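A.B. asks: Sharing a structure here in structure tokens format.
Any read-out appearing in this document is the output of simple, stated calculations on the displayed coordinates, not a laboratory observation. What you see is a predicted model, and the numbers here were worked out from it, not measured in a lab. Note: ideal-geometry Cβ built from the backbone for every residue, glycine included; neighbour counts use all protein chains shown.
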Amino acid sequence: MKRNLLLLSVLLFVAEFSNGQAYTFKVLANRGDNKVKTGQEWKPIKTGASLNSQDELSVSSNAYLGLVHASGRTMELRDAGNHKVADLAKKVSQGGSSVASKYADFVLSKMSAEGKKNRLSATGAVHRGLGDPINIYLPNAIAEVYGAKTILRWDSAENAQVYQVTLKNMFEDTLLEIETNQSSVELDMSDEKLAKENVLLIEVVNKNDPTAKPKAKAIRKLNADKTAEVKTQLAGLMEGVEEETALNKYILAGFFEENELLADALTSYEEAIQLAPGVSTFKEAYEEFLYRNGMKSINN
């Protein structure tokens with residue numbers, strides 16, 4: 001009898017623990033005066049919060065909620081008004097990949113107190129003075145690249161009107177020069193001038209500064225074996241995902257960072273921000289990503 005009671009107690013504990021760990025959605029991104037009702041009480045929604053099927057959401061005007069379902073499917077909610085979580089769950093397509101949940105947890109875990117401190121300590125973009133080398137947001141060590149499209153970003157320079165981006169091969173032969181008035185540029189790695197090169201050296205200078213001192217950084221294309229491996233993993237991650245959303249790009253950034261493909265992670269963050277420019281979560285996560293990987297520092 002005692003043994004049966006003990007077994008029943010253990011089973012009840014396990015069931016209670018499992019229920020405590022279960023969730024219907026997690027909140028990955030949040031903009032606006034959004035609230036969640038659990039029981040009888042309404043509370044502000046926080047990024048990282050778990051939502052259960054019994055909960056109800058109140059979404060404010062011009063708001064945004066980025067949700068990831070327990071199945072791994074993502075949902076962007078912009079419709080103002082009240083929404084029952086159970087009804088939202090019914091709208092989520094079946095057959096999602098749990099891999100997406102893994103990387104959703106990864107990006108949430110990186111939103112650290114230390115990263116927030118770094119962001120608060122920084123006073124906006126770093127502006128380079130005349131003669132100072134411009135810092136490109138890439139690791140100091142060579143960065144491996146998977147994607148055919150790579151976005152490069154760098155610190156803005158004082159009084160800069162035009163930047164010149166120069167791409168060279170390992171022998172320092174110039175392959176391509178790009179001029180832009182922005183502090184970023186998108187590279188097409190399949191461009192005929194770049195396609196045959198495995199390693200590219202990148203320099204950025206302020207064309208208005210005759211004393212400009214370029215500081216080169218390098219990217220290297222993944223070899224065929226690693227490319228095939230990443231492609232297989234991405235197929236599992238993006239299973240059933242047909243549309244490009246800011247939230248999916250955000251999760252992709254987590255995938256690439258965990259796999260040490262920092263240039264691809266940066267590109268995914270940039271794309272997430274382009275798709276949802278008013279959502280501060282993506283911008284804050286991007287800043288923390290740059291700080292923790294040594295691409296940008298307060299005292300750069």
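A.B. asks: Step through the residues of segment 274-283 one at a time and calculate ³J(HN,Hα) from phi using the Karplus curve (6.51 cos²θ - 1.76 cosθ + 1.60, θ = phi - 60°), rounding each to whole Hz and writing x for Gly and Pro.
C.D. replies: Each residue's phi maps through the Karplus curve to give 5, 7, 9, x, x, 9, 5, 3, 5, 5 Hz.
A.B. asks: What's the local net charge at Glu179, with K and R +1, D and E -1, over the other residues with C-beta under 15 Å away?
C.D. replies: Numbers: positive: Lys207; negative: Glu177, Glu186, Glu203, Asp209.
Value of the local net charge: -3.
A.B. asks: How far apart, in nm, are the 7 Å Cα→Cβ label points at Lys207 and Asn181?
C.D. replies: The modelled label-to-label distance comes out at 1.1 nm.
A.B. asks: Once you wrap a convex hull around the alpha carbon atoms of segment 106-300, what is its projected area averaged over all directions, in nm²? Display every interim value, and only then the final one.
C.D. replies: Numbers: hull surface 45.9 nm².
In nm², the orientation-averaged hull projection of segment 106-300 is 11.5.
A.B. asks: Classify segment 235-300: rounded, prolate or oblate, from the alpha-carbon gyration tensor (a ≥ b ≥ c, eigenvalue square roots; a/c under 1.5 rounded; otherwise prolate if a/b is larger than b/c)?
C.D. replies: On the way: a/c = 3.03, a/b = 1.46, b/c = 2.07.
Because a/c hits 1.5 or more and a/b fails to exceed b/c, segment 235-300 counts as oblate.
A.B. asks: What ranking, highest mean first, results for peptides 159-170, 260-271 when packing means the other Cβ atoms within 10 Å averaged over each residue? Each step should come with its number before you reach the end.
C.D. replies: Details: 159-170: 16.3, 260-271: 23.2.
Top of the packing list down: 260-271, 159-170.
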